[in-house]
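The block underneath contains the structure these notes are about, expressed in structure tokens.
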Amino acid sequence: MKLDFSIILPWLPNFGAALIVTVQVTICSLLLGLVLSVPLSLCKISNLRPLQVFADFYTSVFRGVPLLVQVFMMYFGIPLVLPVKFNAFQAGTLVFAMNSAAYISESMKGGIRAIDRGQYEAAMALGVHYPSMMKDIILPQAIKSVLPSLVNEFISLLKNTTLISSIGLVDILRVGQMIQSKTYRAFEPFFVIAIFYYVLVMLLSTLGKYLERRVNKSDRH
Amino acid sequence: MIDIKGLYKDFGALHVLKGITLHIDQGEIISIIGPSGSGKSTLLRSINLLEEPTFGEIWVEGRLITPPDPYLHPEVIRASNTYKKLSGTADDAQLIARIKKEDLLYEKHEGAEYRRLLREITGKNFQSAYEVRKKIGMVFQHFNLFPHMTVLENMTYAPVKVLGISKEEAAERARRLLTQVGMLDKIGVYPSTLSGGQKQRVAIARTLAMEPDIVLFDEPTSALDPEMVKEVLDVIKALAKTGITMVLVTHEMGFAREVSDRIVFLDEGVIVEDADPATFFSTPKSDRAQAFLEKVL
Ligand SMILES: Nc1ncnc2c1ncn2[C@@H]1O[C@H](COP(=O)(O)OP(=O)(O)OP(=O)(O)O)[C@@H](O)[C@H]1O
Ligand SMILES: [Mg+2]
């Protein structure tokens, strides 16, 4: 069979629109995940046993259940038992964010643990209350060590967002399927998509390695 | 100003402080010295509740900062079920002594009157750790500056957040104190660019920015290269002349002798000597203090 990449050209506008969807889902999930990871990591380092148990259970659920099952659950399952309704974008973003929170909170926990006891003691000796101490002294330092893993999380989110095509959102993968069904050609569209993701992920991991070096460097006082 | 009564501190099975009683007056400068592991830091850190005492009470400026210790209040012991059960077996003084010695009180079983008396002591006198820490500053061996904040931010953060003064006033205060410790030219830099001596001078200024009545120092020069010790000691000496109350843990004997009003010698969790510096360094009474001084002088 002869390859003909020119069949892609008429679909470029669709790819453009789909790219926006992919990027939106990824960024929204990452930001929401980051926000959720803060209380989750605070539960993990808390002295209160019930909070720890909750946070560990949360993490194990999102690690233990296949992502596609989670997506189907959120989109098809939950609205049948709870009075909520999600469109595909919301359901996907929510699932990805909750997943990211599980992962990011682990490295956030590590970041918080790595902070010298003296930082807590100095804050306490100055009369700073726990919430301000965490918000202004501890977390800003912990976030720094979380940066590299945020990039990794961004990468896996970017790849995982292809799952939302299965609940009908038109992302890049979905455009590939549309081309396939219209033109009966599969190699060209999926090859282009594969290259696209590969290049993007390589660029991002370079960024991640760069950040990791920066973080390690500024650790040396 | 500071009243430490019958203070005990255990870390699990390790008994670090074993009945410390110490009174510190307003404006006094006290140096706590003693062998490594004798409990100096633990004692110092109890004063601002970085360590929670196991038994005993600490009073700061007339306010109780620990839970009340029933063993320190005979009227509370007398109200306990344990006392009532044992009464008749010995006279009052012996009984109270025995209950203390054998640690016989068990809060849950001592009855309503006992608990009411303890609550009353708390209600009348208690002050939370947060309130106390506004009045007690602490300078650490390892400075503990906040690395993600500039010198200025390090100095204004707590005064604004905790004392509620305006940013402008806090910045003004910071400039005045940095001038005092000779660090004004570093006001905009991050701590990682400073030398150890400079960091400690900033840390002292940061503590003073809270305008504390009392400053605690835990070996403020032990982490410094020798050539930087003097600049920090000079700052502390100048501070000692301002009439502020200071409690220092230090290994710098010459310095302790020069600035202190009193020397407290701690060994194995008990105060072995408490004397003025001239007496302590020339004629220590105990063998343990003599042995210690021979080693360090
Ligand atoms: N958080 C803790 N948990 C368990 N043990 C502790 C803790 N803090 C201190 N200790 C122990 O308590 C004892 C007294 O410690 P402390 O730091 O008060 O001694 P120090 O007199 O300050 O000694 P140094 O001169 O070495 O600083 C030591 O044996 C120490 O190991
Ligand atoms: Mg010590």
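The values are calculated or read from the model by the stated rules, or taken from the named source; none is laboratory data. This structure is a prediction, so every number in the text was calculated from the model and none was measured. Counting neighbours? That spans all protein chains shown, and the Cβs are built from the backbone with ideal geometry, glycine included. Accessible surface areas use protein heavy atoms only, side chains included; no ligands, DNA or RNA. Shrake-Rupley method; radii C 1.70, N 1.55, O 1.52, S 1.80 Å.
Quick check on the stretch B:249-261. Is at least one of its residues touching a Lys or Arg at 6+ places or on another chain (Cβ under 6 Å), open to solvent by less than 10 Å² (accessible area, probe 1.4 Å) and of a type outside the set (Asp, Glu)? Looking through the stretch B:249-261, at least one residue is touching a Lys or Arg at 6+ places or on another chain (Cβ under 6 Å), open to solvent by less than 10 Å² (accessible area, probe 1.4 Å) and of a type outside the set (Asp, Glu). Of all the residues in the stretch B:172-213, those that are surrounded by fewer than 17 Cβ atoms within 10 Å (Cβ to Cβ) and hydrophobic (A, V, I, L, M, F, W, C) number 2. Residues that are open to solvent by less than 20 Å² (accessible area, probe 1.4 Å) and without any contact (Cβ under 8 Å) to a residue 40 or more places away in the chain were ranked within the stretch B:152-171; the one that is nearest to ligand 1 (Cβ to nearest atom) is B:Ala170. When A:Phe62 is tested against (1) assigned to a helix (DSSP H, G or I); (2) open to solvent by 40 Å² or more (accessible area, probe 1.4 Å), just one condition goes unmet, and that condition is (2).
Residues that are hydrophobic (A, V, I, L, M, F, W, C), at positive phi and not in a helix (DSSP H, G or I) occur in the stretch B:141-153; there is at least one. Quick check: is even one residue across the stretch A:56-78 among the hydrophobic types (A, V, I, L, M, F, W, C) and touching an Asp or Glu at 6+ places or on another chain (Cβ under 7 Å)? No, the conditions are met nowhere in the stretch A:56-78. Within the stretch B:112-136, the set of residues being aromatic (Phe, Trp, Tyr) and at the interface with another protein chain (Cβ under 8 Å from one of its Cβ atoms) comprises B:Tyr130 only. Taking residues in the stretch A:205-221 that are within 14 Å of another protein chain (Cβ to nearest Cβ), and partners anywhere that are part of a helix (DSSP H, G or I) and at pLDDT 80 or above, the pairs with Cβ atoms closer than 7 Å and at least 6 places apart or on different chains are A:Val215/A:Lys144; A:Val215/A:Leu147; A:Val215/A:Pro148; A:His221/B:Ser192.
For the residues B:Asp69, B:Asp103, the requirement of being free of Cβ contacts under 8 Å to residues at least 60 places away in the same chain and among the charged types (D, E, K, R) singles out B:Asp103.
Only one entry in B:Ile33, B:Ile77 is within 16 Å of ligand 2 (Cβ to nearest atom) and either farther than 25 Å from B:Arg133 by Cβ or touching a residue at least 60 places away in the same chain (Cβ under 8 Å) (or both), namely B:Ile33. Looking across A:Ile138, A:Ile179, A:Ile164, one residue alone is within 14 Å of chain B (Cβ to nearest Cβ) and either open to solvent by less than 10 Å² (accessible area, probe 1.4 Å) or not in a helix (DSSP H, G or I) (or both). It is A:Ile138. For B:Asp91, the requirement of being of a type outside the set (S, T, N, Q), touching a strand residue (DSSP E or B) at 6+ places or on another chain (Cβ under 6 Å) and more than 14 Å from ligand 1 (Cβ to nearest atom) is not met. Take the conditions (1) small (Gly, Ala, Ser); (2) in contact with an Asp or Glu (Cβ under 7 Å, 6 or more places away or on another chain); (3) away from ligand 1 (no atom under 14 Å from the Cβ); B:Gly34 misses just one of them, which is (3). I'd like to know if the stretch A:98-121 contains one or more residues that are within 14 Å of another protein chain (Cβ to nearest Cβ), part of a helix (DSSP H, G or I) and in contact with a Ser or Thr (Cβ under 6 Å, 6 or more places away or on another chain). For the stretch A:98-121, residues within 14 Å of another protein chain (Cβ to nearest Cβ), part of a helix (DSSP H, G or I) and in contact with a Ser or Thr (Cβ under 6 Å, 6 or more places away or on another chain): present. I'd like to know if the stretch B:7-25 contains one or more residues that are near ligand 1 (Cβ under 10 Å from one of its atoms), under 23 Å from B:Asp276 (Cα atoms), basic (Lys, Arg) and more than 14 Å from chain A (Cβ to nearest Cβ). No, the stretch B:7-25 has no match at all.
Only one entry in B:Thr89, B:Thr66, B:Thr21, B:Thr82 is in a strand (DSSP E or B), more than 16 Å from ligand 2 (Cβ to nearest atom) and either hydroxyl-bearing (Ser, Thr, Tyr) or modelled with pLDDT of 95 or more (or both), namely B:Thr21.
Have a look at B:Glu107, B:Glu61, B:Glu75 and point out the one that is within 23 Å of B:His15 (Cα to Cα) and among the acidic types (Asp, Glu). Of B:Glu107, B:Glu61, B:Glu75, the one residue that is within 23 Å of B:His15 (Cα to Cα) and among the acidic types (Asp, Glu) is B:Glu107.
Report whether or not B:Gly123 is part of a loop (DSSP other than H, G, I, E, B) and either of a type outside the set (Val, Ile, Thr) or closer than 16 Å to B:Tyr8 by Cβ (or both). Criteria not met by B:Gly123.
Only a single criterion out of (1) within 16 Å of ligand 2 (Cβ to nearest atom); (2) more than 12 Å from B:Ile2 (Cβ to Cβ); (3) within 14 Å of chain A (Cβ to nearest Cβ) is not satisfied by B:Leu49, namely (1).
Within the set B:Glu227, B:Glu268, the sole residue that is within 16 Å of ligand 2 (Cβ to nearest atom), open to solvent by 40 Å² or more (accessible area, probe 1.4 Å) and either farther than 30 Å from B:Gly19 by Cα or touching a Pro at 6+ places or on another chain (Cβ under 9 Å) (or both) turns out to be B:Glu268. If the condition is being surrounded by 22 or more Cβ atoms within 10 Å (Cβ to Cβ), closer than 12 Å to A:Ala123 by Cβ and more than 7 Å from chain A (Cβ to nearest Cβ), then the stretch B:137-151 contributes only B:Leu145.
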